[in-house]
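Step one of this worksheet: look at the structure below.
The values are calculated or read from the model by the stated rules, or taken from the named source; none is laboratory data. Source: prediction; values computed, not measured. Note that we place each Cβ from the backbone using ideal geometry, even for glycine, and neighbour counts take in every protein chain shown.
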Amino acid sequence: MFAPQNVLPMTDIDSYLSFALKLFMVFGLTFEIPVVTLLLILTGVVSIQSLEDKRRYIIVGCFAVAAVVTPPDGVSMLMLAIPMWLLFELGLFLAKVLIKEEHSPALASDTGLSKE
């Protein structure tokens, strides 16, 4: 630390609580990414294919958001950006599974392959 010995670094409680609350909110919202991804796909706002095509931009966006909302060090940015990216991929995977399950019974009944 580069401070004179007679100066003690003191953290203001208001700024600390503001910082902690901001990080809690950001990390809390991060875990809503799969839900938002699923809702956007299931409501037809966006398709799975368009999200897959824009995957590289979404990853860059995750890192940009993480760089803005975290303290200025690489570790905390990575600790937010990588889970955001993986949770997006989880939402995309779950959407593929749900869409496939939705279409499977319809295809079986159309082709006469149902077990009824």
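Laid out as a table, the results:
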| read-out | value |
| --- | --- |
| Residue satisfying condition, being among the aliphatic types (A, V, I, L, M), modelled with pLDDT of 90 or more and assigned to a helix (DSSP H, G or I), within set L86, L107 | L86 |
| Residue list for the stretch 47-86, filter: more than 18 Å from T37 (Cα to Cα) and among the acidic types (D, E) | D73 |
| Test: residue in the stretch 13-36 that is loosely packed, with under 12 Cβ neighbours inside 10 Å, in a loop (DSSP other than H, G, I, E, B) and of a type in the set (D, E, K, R) | no |
| Per-region count, the stretch 64-93, residues surrounded by 16 or more Cβ atoms within 10 Å (Cβ to Cβ) and aromatic (F, W, Y) | 2 |
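Residue by residue, here is whether (1) in contact (Cβ under 8 Å) with a residue 24 or more places away in the chain; (2) small (G, A, S) holds:
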residue: L21; (1), (2): no, no
residue: V36; (1), (2): yes, no
residue: D53; (1), (2): no, no
residue: A64; (1), (2): no, yes
residue: D73; (1), (2): no, no
residue: M79; (1), (2): no, no
residue: W85; (1), (2): yes, no
